[in-house]
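Heads up: the structure comes next, in structure tokens.
The values are calculated or read from the model by the stated rules, or taken from the named source; none is laboratory data. Since the model is a prediction, treat every value here as computed from it, not as a measurement. A quick note on method: Cβ atoms are made from the backbone with ideal geometry, for glycine too, and the neighbour counts reach across all protein chains shown.
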């Protein structure tokens with residue numbers, strides 16, 4: 001992979017170079033504030049709506065949010081649980097960054113997690129006796145392959161058949177969920193057990209090693225952070241990333257510049273799906289049961305991470321590195337939601353609803369944000385002129 | 001398999017296919033109206049859930065299914081106003097904000113259900129209405145004329161929506177703002193007002209679709225719709241943005257679903273294999289999307305917000 005610096009630059013989208021002209025600190029501050037205002041404002045707005053909902057349900061919003069924060073970040077164990085909950089969000093979120101930056105809307109995270117988990121499980125069942133140093137990477141790669149294939153299919157359908165990826169990824173979520181249900185009732189069900197939709201306890205050589213510190217934290221969290229860094233390098237420090245972003249920015253111009261637009265779309269969705277697939281593998285081999293479980297429906301296994309990862313990525317400004325703290329925040333909301341339920345008897349489903357509100361506010365405020373930066377640009381120009 | 005090909009089973013399957021097609025049809029008709037004006041609403045699933053809970057809870061509290069229908073309509077209309085604010089005023093990306101609406105609907109209805117109801121309590125849903133004389137025709141009567149009110153409403157809405165889109169001034173405005181909003185604007189058609197109207201109508205249909213589902217099964221549970229709203233969006237593409245095309249798609253999906261259920265009941269497919277057959281609607285949708293994507297019937301301004309200054 002060649003580095004960005006050596007890639008022909010004239011074909012890339014013209015992003016304003018901040019070093020082109022020395023900006024006064026105050027204006028750079030305005031831009032940073034504008035960039036931060038969107039996610040923070042969205043969360044504030046969502047929390048306000050959440051407070052209204054808590055009031056309507058007869059709960060004290062202050063006590064509710066205190067329980068939420070305490071449950072999410074209040075102790076080492078809570079922080080570890082938050083990190084574990086944020087792991088699939090981060091992995092899916094990095095995939096979302098790659099896809100959205102390339103101009104494809106991947107709503108198939110749920111399906112890609114499931115197929116990744118299935119593929120990883122099949123790998124572990126096929127080679128249970130491999131030593132741990134080989135089997136752990138292998139099941140993660142298996143997850144990436146499964147998710148990657150499940151992402152590449154809608155990519156190819158969009159690139160070569162003109163099918164909207166929004167619709168095809170949603171349909172493939174349904175297909176994957178039903179396929180999981182079939183496998184866990186038939187081919188992969190635990191031998192001789194009560195007919196619960198789950199596999200046997202998978203090979204211990206595939207267990208994700210626990211991190212030191214005595215919490216439930218395991219290797220998957222570290223893997224997720226590494227994937228986020230890799231995603232950043234891919235998008236912003238590689239020639240492929242330049243191409244993907246150029247295609248996302250302006251497919252027509254990219255085609256005239258000689259870029260393989262169709263192949264880029266497939267690649268973007270394949271990478272995106274691979275990230276979610278790794279999440280699927282980590283959810284199986286990092287779980288306390290070390291099984292692939294389908295009981296209670298596919299969403300019980302994925303924890304809706306395929307959708308919540310979109311929230312995290314949008315919140316992180318579609319930047320893989322900023323998606324790390326964003327995922328941690330939303331992981332905290334999910335963990336805290338459980339203590340909210342325990343202490344105030346407010347169902348944790350409140351958090352799902354608030355996630356939806358955050359999405360709406362973030363995408364709804366983008367126009368506001370572009371107006372702020374347009375205003376800041378205009379101000380700069382007028383100052384340069386005077 | 002021979003169990004399936006008896007007259008009584010086939011008649012029952014077709015009748016249940018029409019019944020199962022009702023939520024698909026209502027939601028997809030609403031989505032058609034919105035998309036013809038250039039607005040994609042991917043939040044149908046969430047709005048259906050909200051409509052379903054509204055209908056269920058209202059019927060549970062008052063014992064009146066009719067009141068349930070009204071609350072489903074009202075919930076849909078409110079969500080329509082919200083979605084109009086998001087897309088028409090704020091110009092939010094329509095695919096992603098639809099997912100936000102879905103998550104909101106999923107979490108919000110689950111929250112309210114757990115808090116207000118707790119355990120699933122069955123309600124007395126909509127009762128079948130037998131159309132006099134027609135319902136007495138052998139087989140035909142059972143297939144077509146022994147359904148609940150909302151099924152008749154859904155199918156009567158098909159010609160109504162067709163008429164509205166193709167034969168009224170309002171419909172002309174809808175098509176104009178969906179194809180070339182700039183031209184429509186020049187001619188004095190308010191693009192944003194027209195779209196706000198179609199969004200509210202479309203979401204009201206989606207709310208009603210959810211209500212039809214809840215009042216048909218007489219129960220509510222988390223994620224009751226299970227992807228039906230998303231399939232309804234795909235049905236609009238299937239039906240090439242035409243009311244009767246959408247009806248054909250909804251019927252196909254209803255009958256496929258009914259067949260899968262019937263096979264499971266008769267033991268023709270095992271529990272595991274029924275999961276495989278349950279993939280059929282989604283796979284069918286993808287195949288259909290591949291076929292229809294070659295046609296260029298999509299409204300030219302679909303998902304493109306309108307701003308006079310731009």
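Any idea how many residues of segment A:126-140 are surrounded by 14 or more Cβ atoms within 10 Å (Cβ to Cβ) and within 25 Å of residue A:306 (Cα to Cα)?
Going through segment A:126-140 one residue at a time, the tally reaches 4.
Surrounded by fewer than 24 Cβ atoms within 10 Å (Cβ to Cβ), away from chain B (no Cβ under 13 Å), farther than 19 Å from residue A:154 by Cα and out of contact with any strand residue (DSSP E or B) (no Cβ under 9 Å at 6 or more places or on another chain): does that describe residue A:90?
Considered against the rule, which asks whether it is surrounded by fewer than 24 Cβ atoms within 10 Å (Cβ to Cβ), away from chain B (no Cβ under 13 Å), farther than 19 Å from residue A:154 by Cα and out of contact with any strand residue (DSSP E or B) (no Cβ under 9 Å at 6 or more places or on another chain), residue A:90 comes out as no.
If a residue counts only when it is in contact (Cβ under 8 Å) with a residue 60 or more places away in the chain and more than 14 Å from every other protein chain (Cβ to nearest Cβ), which helices (runs of 4 or more DSSP H) contained entirely in segment A:105-186 have at least 1 such residues?
A:109-126, A:132-161
Can you list the helices (runs of 4 or more DSSP H) lying wholly within segment B:217-310 that have 1 or more residues being under 26 Å from residue B:156 (Cα atoms), modelled with pLDDT of 90 or more and under 18 Å from the mean Cα position of the chain (by Cα)?
B:228-238, B:243-266
Say whether the condition of being surrounded by fewer than 15 Cβ atoms within 10 Å (Cβ to Cβ) and either touching a helix residue (DSSP H, G or I) at 6+ places or on another chain (Cβ under 8 Å) or part of a helix (DSSP H, G or I) (or both) is met by at least one residue in segment A:241-251.
No.
Residues that are modelled with pLDDT of 95 or more, within 20 Å of the chain's Cα centre (by Cα) and surrounded by 15 or more Cβ atoms within 10 Å (Cβ to Cβ): which helices (runs of 4 or more DSSP H) entirely in segment B:107-181 hold 3 or more of them?
Helices (runs of 4 or more DSSP H) meeting the threshold: B:149-167.
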